[in-house]
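Read the structure below first, then the notes.
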């Protein structure tokens, strides 16, 4: 309408200019003619701007513009995308079981170490003193064993002497008994002869005295025998007691040896050693620092085994974990090398769930090679685990399956389909069956489509405008 008013005003201005040139005499007639011309121009312009018949869509309606994509042939992968952290295959935290001041630190970050190589040294002087103390106690214990063994030998000798004395006393007792018997018989004969008045009384008295003396000797021998039995029993008791002392002394030897071994072990632990061949990826101590060990050992170093082989611990949602299995291929990228793709293989699917804010995930371990050392522990990896791969298949963009031209309705019961550009430029819907789906494309299993076919993936509406003498007006 702005264009119509401009034309009308131009016509009016021209007419007024003509009237002014002619003069006041003809103003009235000129004004009438100018009014007629302006009305005629306005009517002509309206006829031009309101086309009729088949040309109306060009000026009065929206014109759709479609975007197309070509069907391609190649490989397609269906993946599950997860994130995870790179870690060495084997990492050991090396700690100290002892408290003390660090006298030396031999390694630093990124140093390559071998098994049993010293990493640091705790001041060993107090531990060496304990070793000397334990060694001296072991020597004393061994000496006590020797003393007890000597005592046992002496007690056994005394027992043998006591037993030998018993034999002598037994012989003396037998002799005393024999002499007593003889004296008794002599006394009996003397008494018999006295009754016959053959011998004198003094002779009988002498025989009686002799018999009494021999009887006393017998009783003395018997008492000595009794005393000797006590001596033998005492000697046997001494032997048993000294044997027990010897056993006790012998049992103390392993105890002292164990104390010495423990002290020696503590002395050996003053040297903190690497348990494996690897690389030092963590150092948490410095020379002169005092380690105070409590219930748990203090971590001093972290040693990673072979950074040439690494693994990714990825968290997979419970909705996708059923499609993950050991042996599946995967590829990933890291922020440090956004243009480089690394390969990996699923090594383990851990069955221990992890729940955070009611979201259940499972840890999937993927193995990867790091021969060039580009990957570092702790890097975040964007991993795509290949669930299914199809080679030499037709691929169509996912946007083509979702596209529906404006003004058409999709039947919910109909098969999946795409809109194909025909030779005449119109769109035709073709039903298809799809297979593995990638991030942007999906494989076609069936459908009347060929490589290179143009399928619609979007639609842009060209707003209505106006054209006059080949010039388009409007947005």
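The values are calculated or read from the model by the stated rules, or taken from the named source; none is laboratory data. Keep in mind that what you see is a predicted model, and the values were worked out from it rather than measured. Cβ atoms come from the backbone with ideal geometry, glycine included; neighbour counts cover every protein chain shown.
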For region 115-133, how many residues are closer than 13 Å to residue 103 by Cα and part of a loop (DSSP other than H, G, I, E, B)? 2
Criterion violated by residue 144 - all others in (1) touching a helix residue (DSSP H, G or I) at 6+ places or on another chain (Cβ under 9 Å); (2) farther than 30 Å from residue 261 by Cβ satisfied: (2)
What about residue 293, is it outside the structural domain of residue 151 (by the TED database), in a strand (DSSP E or B) and either in contact with a helix residue (DSSP H, G or I) (Cβ under 9 Å, 6 or more places away or on another chain) or farther than 30 Å from residue 152 by Cα (or both)? no
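Of the residues that sit in region 66-92 and are over 30 Å from residue 318 (Cα atoms) and exposed (fewer than 14 other Cβ atoms within 10 Å of the Cβ), which one is nearest to the chain's Cα centre (by Cα)? Even if it seems obvious, please write down each step before you answer.
To start, the set of residues in region 66-92 that are over 30 Å from residue 318 (Cα atoms) comprises 66-74, 92.
Adding the requirement that they be exposed (fewer than 14 other Cβ atoms within 10 Å of the Cβ) leaves 67, 70, 73-74.
Details: 67: 50, 70: 47, 73: 43, 74: 39 Å.
Of everything passing the filter in region 66-92, 74 is nearest to the chain's Cα centre (by Cα).
Taking the residues in region 199-221 that are touching a residue at least 40 places away in the same chain (Cβ under 8 Å) and touching a helix residue (DSSP H, G or I) at 6+ places or on another chain (Cβ under 6 Å) as candidates, determine which candidate is nearest to residue 158 (Cα to Cα). Break it down into steps so the answer makes sense when it comes.
Taking region 199-221 first, the residues touching a residue at least 40 places away in the same chain (Cβ under 8 Å) are 217-218, 220-221.
So of that shortlist, the ones also touching a helix residue (DSSP H, G or I) at 6+ places or on another chain (Cβ under 6 Å) come out as 217-218, 221.
On the way: 217: 26, 218: 26, 221: 21 Å.
Checking each candidate, the answer is 221.
Name the residue, out of 282, 278, that is modelled with pLDDT of 85 or more, within 30 Å of residue 89 (Cβ to Cβ) and surrounded by fewer than 16 Cβ atoms within 10 Å (Cβ to Cβ). I'd like the intermediate steps shown before the answer.
On the way: 278 fails: surrounded by fewer than 16 Cβ atoms within 10 Å (Cβ to Cβ).
Exactly one of 282, 278 is modelled with pLDDT of 85 or more, within 30 Å of residue 89 (Cβ to Cβ) and surrounded by fewer than 16 Cβ atoms within 10 Å (Cβ to Cβ), namely 282.
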Step by step: first the residues of region 312-327, then only those that are surrounded by fewer than 20 Cβ atoms within 10 Å (Cβ to Cβ) and in a strand (DSSP E or B), then the one that is nearest to the chain's Cα centre (by Cα). Which residue is that? 313
Just a yes or no: is a residue in region 397-407 crowded, with 19+ Cβ neighbours inside 10 Å, in contact (Cβ under 8 Å) with a residue 60 or more places away in the chain, touching a strand residue (DSSP E or B) at 6+ places or on another chain (Cβ under 8 Å) and more than 27 Å from residue 328 (Cβ to Cβ)? yes
From 441, 390, which residue is surrounded by 14 or more Cβ atoms within 10 Å (Cβ to Cβ), under 37 Å from the mean Cα position of the chain (by Cα) and more than 30 Å from residue 311 (Cβ to Cβ)? 441
Just name the residue that is surrounded by the fewest Cβ atoms within 10 Å (Cβ to Cβ) out of those in region 408-438 that are touching a strand residue (DSSP E or B) at 6+ places or on another chain (Cβ under 8 Å) and closer than 16 Å to residue 65 by Cα. 422
Kindly indicate whether any position in region 302-314 is at pLDDT 90 or above, under 30 Å from residue 132 (Cα atoms) and in contact with a strand residue (DSSP E or B) (Cβ under 8 Å, 6 or more places away or on another chain). no
Qualifying position, being out of contact with any strand residue (DSSP E or B) (no Cβ under 7 Å at 6 or more places or on another chain), buried (at least 16 other Cβ atoms within 10 Å of the Cβ) and either at pLDDT 80 or above or farther than 30 Å from residue 104 by Cα (or both), among 131, 198: 131
Strands (runs of 3 or more DSSP E) contained entirely in region 365-438, each with at least 1 residues that are under 27 Å from residue 336 (Cβ atoms): 380-397
